[in-house]
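For reference, the structure discussed in these notes is given below.
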Amino acid sequence: MGETLTEIARELKNSPKKVQLIYAFNGVGKTRLSRAFKELVSPKHEEEEAQDGDTGVKVLYYNAFTEDLFYWDNDLEKDTDRKLVIRPNAFTDWVLKVEGQTNNIITDFQHYTNDKLTPRFNENYNEVSFSIEGGNEEQIDNIKISRGEESCFIWCVFYSLLKEVVEVLNVPEPENRSTTTFDDLEYIFIDDPVSSLDENHLIELAVNIAEVIKSSDYNLNKLKFIITTHNPLFYNVIYNALKAEAGYMLSKYEDGTFKLEKKLGDSNKSFSYHLFLKQTIEEALDSGTVQKYHFTLLRNLYEKTANFLGYPQWSDLLPDDRRTYYNRIIQFTSHSTLSNEAVAEPTEAEKQTVGFLLKHLIDNKYWKEDLQ
């Protein structure tokens, strides 16, 4: 039997580490873990009972619930004045009104999406409309952006808040800080930022987050960071950017309990090359140019997945019903020493086997569902 999410949240809270990086598949419980952590560190009743002079802010977190601070007014009556409304809260008020971060938010958003797509804040900074440049210098106003673009915009707001908070807390003397709002802040919990980004922008995002974390003076402010993700590329890049000693993997047992397992060494670095192998095999399948060496690449892909997940044998990831059969095919084809077999083009059945086993690895629980 494993642990509850509250028990795991308590382990994270009590850890002396500045950064804790956690990988988990979709649906395992990352977002619920962030909520359990927030309730453990800063219960709602304590926030409501905070005395005058207490900031009450002990944890900032970005997760699916962060997006609930933003909702659409679609102007159902006229269908012309569509805008994203920001629910009243002290954090966006501070970063938008006091710190004046709107231009940086717009710049970041356009960088990750489209430089012709422009957010426009109203004078009270509680509504945002979006416009886009069309052909012939035409501008289309009050458009409704996609869900992925909306998530990216919300992340850019949080990212500006994150950078400003770290900068404020790096000021040694509290009386010299621009605000006392975050004087009691202990933790920042980031759960899966902007999974809709393409690979290049996702890498850049991971590097940027790592740079902010590294800039935070832990000896001064004791600020700790917890990052969870289901994206192996994001995990790999931020792990290496932070030069972390270890990462963690969150898994769920059938009885509803959980396990947080430390990942050491190369098991944290498998997925950069992982993507290259996957792409190479897919290109061969799409073009009908599968060769015997693609079995070697397929085996390598299975090995790296097993290494990342902590399975003792890569063959443990093969289909249960014909595991021995497929193991023999991959072993024989990838390790053949006969010259005529090494150069012979694979049969149609062998090519189909490559496609089937690649699809099996990607489509089931061993791989992130939307790793495209």
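The values are calculated or read from the model by the stated rules, or taken from the named source; none is laboratory data. Treat the numbers as computed from the prediction; the structure is a model and nothing was measured. Glycine also receives a Cβ, built like all others from the backbone with ideal geometry; neighbour counts cover every protein chain displayed.
So in the range 244-261, with the set limited to residues that are within 18 Å of Ile227 (Cα to Cα) and among the small types (Gly, Ala, Ser), which one is surrounded by the fewest Cβ atoms within 10 Å (Cβ to Cβ)?
For the range 244-261, the residue satisfying everything is Ala246.
Can you say whether Leu223 is touching a Ser or Thr at 6+ places or on another chain (Cβ under 6 Å) and under 23 Å from Glu164 (Cα atoms), as far as the supplied structure shows?
Values: touching a Ser or Thr at 6+ places or on another chain (Cβ under 6 Å): yes; under 23 Å from Glu164 (Cα atoms): yes.
Judged against the criteria, Leu223 is a match.
If I filter the range 156-167 for residues that are surrounded by fewer than 21 Cβ atoms within 10 Å (Cβ to Cβ), of a type outside the set (Phe, Trp, Tyr) and not in a helix (DSSP H, G or I), do I get at least one hit?
no
Which one of the conditions (1) polar (S, T, N, Q); (2) modelled with pLDDT under 95; (3) surrounded by fewer than 17 Cβ atoms within 10 Å (Cβ to Cβ); (4) under 28 Å from Ser151 (Cβ atoms) does Ser215 fail to meet, given that it meets all the rest?
(2)
So which of Thr118, Thr102 is under 24 Å from His201 (Cα atoms), assigned by TED's automatic domain parsing to the domain that holds Thr179 and over 23 Å from the mean Cα position of the chain (by Cα)? Talk me through it step by step, then tell me what you get.
Details: Thr118 fails: assigned by TED's automatic domain parsing to the domain that holds Thr179.
Result: Thr102 is the single residue among Thr118, Thr102 that is under 24 Å from His201 (Cα atoms), assigned by TED's automatic domain parsing to the domain that holds Thr179 and over 23 Å from the mean Cα position of the chain (by Cα).
How many of the residues in the range 232-243 are of a type in the set (A, V, I, L, M) and buried (at least 20 other Cβ atoms within 10 Å of the Cβ)?
As a first pass, look at the range 232-243 and keep what is of a type in the set (A, V, I, L, M): 233, 237-238, 241-242.
Applying the additional criterion that residues be buried (at least 20 other Cβ atoms within 10 Å of the Cβ) yields 237-238, 242.
Total satisfying the criteria: 3.
Can you find a residue that is assigned to a helix (DSSP H, G or I), in contact with a Gly (Cβ under 8 Å, 6 or more places away or on another chain) and modelled with pLDDT of 75 or more anywhere in the range 300-313?
Step one: filter the range 300-313 for residues assigned to a helix (DSSP H, G or I), giving 300-309.
Filter once more, keeping what is in contact with a Gly (Cβ under 8 Å, 6 or more places away or on another chain): none.
Checked the range 300-313: no residue is assigned to a helix (DSSP H, G or I), in contact with a Gly (Cβ under 8 Å, 6 or more places away or on another chain) and modelled with pLDDT of 75 or more.
Evaluate the following for Lys116: is it modelled with pLDDT of 85 or more, basic (Lys, Arg), more than 24 Å from Val168 (Cα to Cα) and surrounded by fewer than 18 Cβ atoms within 10 Å (Cβ to Cβ)? Quick ask: steps written out before the conclusion?
On the way: modelled with pLDDT of 85 or more: yes; basic (Lys, Arg): yes; more than 24 Å from Val168 (Cα to Cα): yes; surrounded by fewer than 18 Cβ atoms within 10 Å (Cβ to Cβ): yes.
Yes, satisfied.
Go through (1) modelled with pLDDT under 90; (2) assigned by TED's automatic domain parsing to the domain that holds Val19 for Tyr187 and report which single condition fails.
(1)
With the structure loaded, tell me whether Val85 is among the hydrophobic types (A, V, I, L, M, F, W, C), in contact (Cβ under 8 Å) with a residue 24 or more places away in the chain and either in the same structural domain as Ile190 (by TED's automatic domain parsing) or assigned to a helix (DSSP H, G or I) (or both) or whether it fails that test.
Values: among the hydrophobic types (A, V, I, L, M, F, W, C): yes; in contact (Cβ under 8 Å) with a residue 24 or more places away in the chain: yes; either in the same structural domain as Ile190 (by TED's automatic domain parsing) or assigned to a helix (DSSP H, G or I) (or both): no.
When the stated conditions are applied, Val85 does not pass them.
With the requirement that a residue be under 28 Å from Thr180 (Cα atoms) and without any contact (Cβ under 8 Å) to a residue 24 or more places away in the chain, what does the range 123-154 give you?
Step one: of the range 123-154, the residues under 28 Å from Thr180 (Cα atoms) are 123-128, 153-154.
Within the range 123-154, Glu123, Asn124 meet the criteria.
Do you know which residues across the range 168-203 are acidic (Asp, Glu), loosely packed, with under 15 Cβ neighbours inside 10 Å and under 26 Å from Leu40 (Cβ atoms)?
Listed by number, the residues that qualify are Asp183, Asp184.
Return a yes/no flag: does the range 342-349 have any residue that is among the acidic types (Asp, Glu), part of a helix (DSSP H, G or I) and modelled with pLDDT of 75 or more. Spell out how you get there, then give the answer.
Going through the range 342-349, the residues among the acidic types (Asp, Glu) turn out to be 345, 348.
Checking the rest, the ones that are also part of a helix (DSSP H, G or I) come to 348.
If we keep only those that are modelled with pLDDT of 75 or more too, we end up with 348.
Looking for residues that are among the acidic types (Asp, Glu), part of a helix (DSSP H, G or I) and modelled with pLDDT of 75 or more, one finds at least one in the range 342-349, hence yes.
Give the residues of the range 79-94 that are out of contact with any Asp or Glu (no Cβ under 6 Å at 6 or more places or on another chain) and among the hydrophobic types (A, V, I, L, M, F, W, C), sorted by residue number.
Residues satisfying the conditions are Leu84, Ile86, Ala90, Phe91, Trp94.
Quick one: which strands (runs of 3 or more DSSP E) lie wholly within the range 181-275 and hold at least 1 residues that are touching a residue at least 40 places away in the same chain (Cβ under 8 Å) and among the polar types (S, T, N, Q)? Before the answer, list the steps.
Working: elements: 187-191, 224-229, 246-252, 258-264.
In the range 181-275, 224-229, 246-252 are the strands (runs of 3 or more DSSP E) which contain 1 or more residues that are touching a residue at least 40 places away in the same chain (Cβ under 8 Å) and among the polar types (S, T, N, Q).
Taking the range 73-104 as the search range and keeping residues that are among the hydroxyl-bearing types (Ser, Thr, Tyr) and surrounded by 15 or more Cβ atoms within 10 Å (Cβ to Cβ), which one is nearest to Asp141 (Cα to Cα)?
If we filter the range 73-104 for residues that are among the hydroxyl-bearing types (Ser, Thr, Tyr), which is where we start, we get 80, 92, 102.
The next check asks that each one be surrounded by 15 or more Cβ atoms within 10 Å (Cβ to Cβ); those that pass are 92, 102.
On the way: Thr92: 24, Thr102: 19 Å.
Filtering the range 73-104 for residues that are among the hydroxyl-bearing types (Ser, Thr, Tyr) and surrounded by 15 or more Cβ atoms within 10 Å (Cβ to Cβ), the one nearest to Asp141 (Cα to Cα) comes out as Thr102.
List pairs: first in the range 9-28 and farther than 15 Å from Lys262 by Cα, second surrounded by fewer than 19 Cβ atoms within 10 Å (Cβ to Cβ) and of a type in the set (Lys, Arg), Cβ under 6 Å, 6+ apart or cross-chain?
From the range 9-28, the pairs are Val28/Lys252.
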